[in-house]
Structure formats: structure tokens, C-alpha cells
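A short worksheet on the structure shown next.
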Amino acid sequence: MTDPRDSTNAATAVADARRPQRVDAVDFGAARCRNCGAALHAPYCGQCGQERAQRIGLRDLRKEAWIRWRWFDTLSARTALRLLTGPGRVAREYVLGARSRHFHPLKLLLVAVGLLLLALARTNYLQSQHEEDVTRAMALAAAYGKWSFSLGIAAILAASLAVFPRRLGYNPVEHLVLAAYCHAVVLLLVVLNMLPLLFDPQPGFVAAHKLASSYYMFVVKAAVVGVAFAQFFMLDLRRDWWRLALAVALFVFVNWALGRAYAHTLSWYITNHA
């Protein structure tokens with residue numbers, strides 16, 4: 001028979017997740033599961049099986065990423081679906097201790113990067129549309145250009161730390177969790193945006209698609225980051241709209257600046273090694 005106190009604890013956990021509380025290491029010492037809210041009397045929860053959660057640090061983030069390595073399971077599917085509408089909520093729940101409920105942010109990010117690289121390879125997205133123009137230099141540009149998509153996580157992290165450094169007591173690693181989840185969503189949306197090219201790889205359509213994508217995907221990425229910030233930092237948009245606008249603007253600028261720096265560095269490398 002289910003203990004009524006477990007249901008009360010679960011309801012309390014849900015209510016706590018919605019309240020803009022600060023992240024406090026002392027609170028993690030409470031005798032309740034951070035994943036399901038059940039009373040905790042042992043190192044592992046008797047209801048959901050999650051290990052007693054501690055406040056996350058860089059060492060913990062690396063450790064948890066490799067304990068159970070699974071490229072894809074039902075947990076990753078559920079996390080991905082929730083991330084599409086609530087990247088900041090998922091990140092906050094993970095930081096607050098709901099670790100078993102969500103796919104690890106770094107593993108999810110690696111899955112998203114793998115899918116993106118596969119899509120880039122299958123669609124020849126970075127290749128020249130004229131075979132006679134393909135040189136060793138352009139081959140190098142295509143090969144290294146694939147990794148330019150990874151710069152976004154640095155831009156998200158920079159904007160998060162700059163605008164919300166002390167908001168709700170998050171530490172830098174917890175900001176990194178947000179950036180990883182948020183960037184995974186961006187990469188998954190980029191992959192979805194490239195799917196039409198698998199069915200119509202004609203050069204003309206690819207060129208038109210790339211041109212259109214450079215405009216609307218820019219807006220999509222900024223929107224994802226804005227939603228994630230609002231949810232993770234539990235912002236009151238009537239009062240904190242200007243902070244949110246500043247954070248999104250900073251993300252856009254840093255992402256653009258990193259892209260330009262990467263392009264210049266790649267150009268220099270190709271010029272000297274082609």
C-alpha cells in the first residue's frame with residue numbers, strides 16, 4: 001500500500017520546483033528524494049531508485065555523464081520532448097536534484113551533436129554546390145566548419161553568467177547545465193530544419209533553404225534562449241523583461257562575435273595549411 005506521506009512529499013516537491021527558491025547546499029541535506037519527493041532513509045530512494053542528490057559541481061557533472069552511458073533510451077526521448085517547450089524548467093529540475101527524471105545534459109548534448117554531424121554529412125550542407133570548385137582548402141573549410149555549431153553553448157553560458165550571476169544562488173556549473181540543455185535544443189531544431197534537404201538535395205533547393213534558414217533560424221535560436229532563461233531564473237516578465245532582453249541580446253552578440261572569430265581563425269589556418 002502506498003504511504004500517504006509519499007504523496008504529500010511528492011506534492012511538496014512539485015510546489016517547491018515552481019517556487020523561485022534559491023539553490024542551497026544545506027537544503028540538499030534534507031531527508032527527502034530530490035527526484036520524486038519521497039522520504040529518504042537510505043543512500044538510494046526506495047520509491048524511484050535515485051541516489052541521494054548532492055548539489056552539482058564540475059566533478060559530479062563529469063561523473064554522472066559516464067556512470068550509465070546510453071546513446072538513446074526512453075528517458076532521452078521524454079527529456080527531448082519536454083525540452084522543446086521547457087528547456088529552462090528541465091535544467092532547473094535537474095539542478096534541484098531530479099537527476100533520474102531527466103537525461104544527463106552532457107550526454108544529451110553529445111547525442112544532438114552526433115545527429116547534427118550525421119545530417120551535415122548526408123545533406124552535404126557545407127559542401128560547394130559546384131564540384132569543380134572543390135579544392136583541398138574548401139574540403140578543410142567544410143570539415144572544420146561543422147564544429148562552428150558548437151560555439152552557441154559558450155554564448156549561452158556567457159550571457160547567463162553576465163546578466164544573472166547571483167540569481168537564485170546558482171553556481172557556474174549549474175549555469176553550464178542550463179547552457180548544455182539549451183544548446184542541445186538549438187542543435188536538435190537545426191537538425192529538424194535540415195530534414196527537407198534529405199528528400200530534395202538539388203543544389204538550387206539547398207541554396208534557397210540555406211539562405212532562408214539564415215534568417216528564421218536566427219530568430220528561433222534567440223527565442224529558445226529567451227524561453228530557457230525565463231524558465232530557469234523564474235523571471236517575472238513584467239518586472240524583469242529588460243534583464244531578459246539584455247541576456248538574449250548579449251547571447252546574440254557573443255554568438256556572432258565567436259562565429260566571426262572562428263571564421264577568421266579558420267581562414268588563416270586554411271591559408272597556411274592548404
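Could you check how many residues of segment 95-110 are of a type in the set (A, V, I, L, M, F, W, C) and open to solvent by 30 Å² or more (accessible area, probe 1.4 Å)? Number satisfying all stated conditions: 2. Annotation: of all residues in segment 73-86 being open to solvent by 40 Å² or more (accessible area, probe 1.4 Å) and at pLDDT below 80, the one that is nearest to VAL191 (Cα to Cα) is LEU81. What residue, of ALA179, ALA222, is open to solvent by less than 60 Å² (accessible area, probe 1.4 Å) and more than 19 Å from VAL111 (Cβ to Cβ)? Being open to solvent by less than 60 Å² (accessible area, probe 1.4 Å) and more than 19 Å from VAL111 (Cβ to Cβ) holds for just one of ALA179, ALA222, which is ALA222.
When ASN255 is tested against the conditions (1) surrounded by 15 or more Cβ atoms within 10 Å (Cβ to Cβ); (2) at pLDDT 95 or above; (3) part of a helix (DSSP H, G or I), the lone failure is (2). The requirement of being more than 21 Å from ALA112 (Cβ to Cβ), open to solvent by 30 Å² or more (accessible area, probe 1.4 Å), modelled with pLDDT of 70 or more and of a type in the set (Lys, Arg) is not satisfied by ARG89.
Of the residues making up segment 123-146, none is open to solvent by less than 50 Å² (accessible area, probe 1.4 Å), among the hydrophobic types (A, V, I, L, M, F, W, C) and at pLDDT 75 or above.
Remark: pairs (first residue in segment 191-212, within 18 Å of PHE149 (Cβ to Cβ) and at pLDDT below 80; second residue of a type in the set (S, T, N, Q) and in a helix (DSSP H, G or I); Cβ separation under 9 Å; 6+ apart in sequence or on different chains) = VAL206/THR123. Within the set ARG55, ARG70, the sole residue that is farther than 22 Å from GLY169 by Cβ and at pLDDT below 75 turns out to be ARG70. If you go through segment 235-251 and keep only what is under 18 Å from the mean Cα position of the chain (by Cα) and at pLDDT below 95, you end up with nothing.
The values are calculated or read from the model by the stated rules, or taken from the named source; none is laboratory data. Not measured: the values here are computed from a predicted model. Using ideal geometry, Cβ is built from the backbone for each residue, glycine included, and neighbour counts are taken over all protein chains shown. Heavy atoms of the whole protein, side chains included, go into the accessibility calculation; ligands, DNA and RNA do not. Shrake-Rupley method; radii C 1.70, N 1.55, O 1.52, S 1.80 Å.
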